[in-house]
1. Would you tally the residues in region 141-163 being more than 20 Å from F556 (Cα to Cα) and surrounded by 19 or more Cβ atoms within 10 Å (Cβ to Cβ)?
2. Checking E103 against (1) at pLDDT below 90; (2) open to solvent by 50 Å² or more (accessible area, probe 1.4 Å); (3) assigned to a loop (DSSP other than H, G, I, E, B), only one condition comes out false. Which one?
3. For region 196-307, which helices (runs of 4 or more DSSP H) that fit wholly inside it have 2 or more residues that are open to solvent by less than 40 Å² (accessible area, probe 1.4 Å) and out of contact with any Ser or Thr (no Cβ under 9 Å at 6 or more places or on another chain)?
4. Scan region 610-632 residue by residue and report those that are open to solvent by 10 Å² or more (accessible area, probe 1.4 Å) and either without any contact (Cβ under 8 Å) to a residue 12 or more places away in the chain or among the aromatic types (F, W, Y) (or both).
5. For V614, are the conditions met, namely being β-branched (V, I, T), more than 30 Å from M153 (Cα to Cα) and in a loop (DSSP other than H, G, I, E, B)?
6. Exactly one condition in (1) farther than 21 Å from V185 by Cα; (2) buried (at least 24 other Cβ atoms within 10 Å of the Cβ) is not met by V425; state its number.
7. Given the conditions (1) open to solvent by 40 Å² or more (accessible area, probe 1.4 Å); (2) touching a Pro at 6+ places or on another chain (Cβ under 7 Å); (3) not aliphatic (A, V, I, L, M), and given that P529 satisfies all but one, which numbered condition is not satisfied?
8. Only one residue in A251, A260 is in contact with a Lys or Arg (Cβ under 9 Å, 6 or more places away or on another chain) and among the aliphatic types (A, V, I, L, M), so which one is that?
Amino acid sequence: MATASAGAGTSAHTTTATPWWRLLFPSYLTGAILAAIGYIAGSQLTWHFIGYGNEPTQLHPFTEQGFVVGFIGLVLGWMIGIGALKYPFTWALGLKDPDHNEEMRLAGKDQGWIRYFRFTTDHKVVGIQYLVLVSLMLAFGGLGAMMIRTELMFPGGWAFPSETYNTLVTMHGMLMILATISMFVGPFGNFIVPIMIGARDMAFPRLNALSFAFLMASMAVFAFIPFMGFGQDGGLGGGVQTGWTVYGPIADQTGSGMTALAVAVMLAGTSSILGAVNIITTVMTMRAPGMTYTRLPIFVWSIIGSAILAALGTGAFTVDLLMILLDRLFRTSFFYAVTAGNYASTTLTASQTAQGGGAAWLSQNLFWFFGHPEVYLIVLPAFGWVMEVLPVFSRKPLFGYKTAILGIMGVVVLSFLVWMHHEFVSGFVPELRGFYMASTELISIPTGLIFLVAIGTLWRGKLWTNVAMLFALSFIWNFLIGGISGVYLSDVPADIQLHGGMFVTAHFHYTFVGGALFAFFGAVYYWFPKMTGRHLDEKLGLIHFWGVQIGFNVAFLGMFYVGLQGQPRRVDDYNPAFATGNFITSIFAFILGAAILVFFYNVIISWIGGTVAVANPWSAKTLEWMVPTPVPLENFEQIPVVTSDPYTYGETGGSQGFPVGAEVPGPAVG
């Protein structure tokens, strides 16, 4: 109970704190309830009044139309239930804008733990929400990977039916892509970046919360995929059997799980675009006095680069998915030679089909115009985090700060000029192969500049090799393997031989997992003390680190080997000649999975009862370490004035500046 004075001339009165259970209205609980009601109402009303049926020979087979209307009802119910639509309607109707007290309530002031389960505008709460959701996405995506490796452990397709395996591959690939797109920009772009630039919040706080709400709705729809389409013509086993690239022609013909996947990914794309616009605007307009562009932390530059790619590239894939939905629902033929979706079937007669003349290449180009910039959308924040922590743990200024910016922005520009190397074997405009081969190889130059900055920063540094630093170092060698193997795939003669094989799978896993995901792990170890007030356990961290390094490298080097021997990807059975390599890959993939379980265990127990962290345990110089832990609601009592860049380690001589009690490394060598 809080007591407040009413002031002179009035009687004192008491105010009672709001019970926690009343804060559940609105909340994610009410959102989930209304989402379920919205889905049931939308789908059942469609099927009841318009028609229902799985068979394409029926006159009005509106099965998938009912699913789509149901998903629309789900999203609307979710947004109404969490209170996200209140303020757009307030604005549209010209009603009074929220006052300061209302804004503080929206930010979760004095609401305790319940604010993490509400539509909350505090960027730090949104960052924690993203961290938890992304971790769950990675966990389920990783479970799919373990199921895939179980199937491929022995030849013969022994663990799952082929249709189930195809759905596993599709869902694993797409879920991991959505998770890795969000794993830096979501948790750290929201929690850390505003404090890094000296801002009190994001430029658009409600848009920030809305971005997360869209991703939550996306995952709810995504969960429908394996349960849709059983017994449907063209969708044996249910789910989606296209692979994660969901090319239009086969996406038009697969089971109705494709409808759920398309809606889910479009919602996730909306979330990504909203978040990207918010981050770009925040950095452009809300930097502290003195925080010039040449004083921005390099991690902020990498998040800007990633946000630009998300804002410009995501729309192409959204259009691709929208066309697939139109093909499936309304008999258009953007990608299929005849009408598609519920109607696509070899059992239809010529009189039952309409010649459409759709083009497979249109789908490929729309997907990869997003798909290859998306690689750098994922990797650029990892680059930025590595360059951010290397000065901290080597106690040296960042080597070539402006060179690093040039490398990041060079990758942003060139990433839109390389997508067609994925189509070298498709027959699309062979005359352009030379240009795209050259542009793809050219992107290794700005990438090389980033490696130069990293290695130059390490040179003659005094290294503190804690777990965060170990993951930063591992990024360098793992991404180097991924990058060098990618050069071979940019070369037309080599790509024609290697395309569609396990070599390609190993290459992009070295990029996404060995590079970006391992950097994410390191970023969690680095920023966890600031985000939660607790340290992760270093001993468990070392088990996690060495487990993932050994498991990952042996598993995917084995995959390179079977790929060079000729094993194709996207198959559940294979020639026994590849059995030994696949068995070794599966065993070490399980070791990788077990080590990641150690990470999740470490996060849970440390969050509950880990060592309490001081405000700046690393003696770092960026602004997020200058505020108290836990971080106040508005971050700064007074907006700071920035007078230098945050990489002035060792420039004034004397102590190297390691935190008290840290294990200080030996003298510099080299």
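1. Number of matching residues: 1.
2. (3)
3. Qualifying helices (runs of 4 or more DSSP H): 205-222, 257-285.
4. Once the filter is applied, which keeps residues that are open to solvent by 10 Å² or more (accessible area, probe 1.4 Å) and either without any contact (Cβ under 8 Å) to a residue 12 or more places away in the chain or among the aromatic types (F, W, Y) (or both), region 610-632 yields W618, P632.
5. On the way: β-branched (V, I, T): yes; more than 30 Å from M153 (Cα to Cα): yes; in a loop (DSSP other than H, G, I, E, B): yes.
Judged against the criteria, V614 is a match.
6. With (1) farther than 21 Å from V185 by Cα; (2) buried (at least 24 other Cβ atoms within 10 Å of the Cβ) applied to V425, the lone miss is (2).
7. (1)
8. A251
The values are calculated or read from the model by the stated rules, or taken from the named source; none is laboratory data. Because the structure is predicted, anything quoted here is derived from the model rather than measured. For neighbour counting, all protein chains shown are included, and Cβ atoms are generated from backbone atoms with ideal geometry for every residue, glycine included. Just the protein is used for accessible areas: all its heavy atoms, side chains included, with ligands, DNA and RNA removed. Shrake-Rupley method; radii C 1.70, N 1.55, O 1.52, S 1.80 Å.
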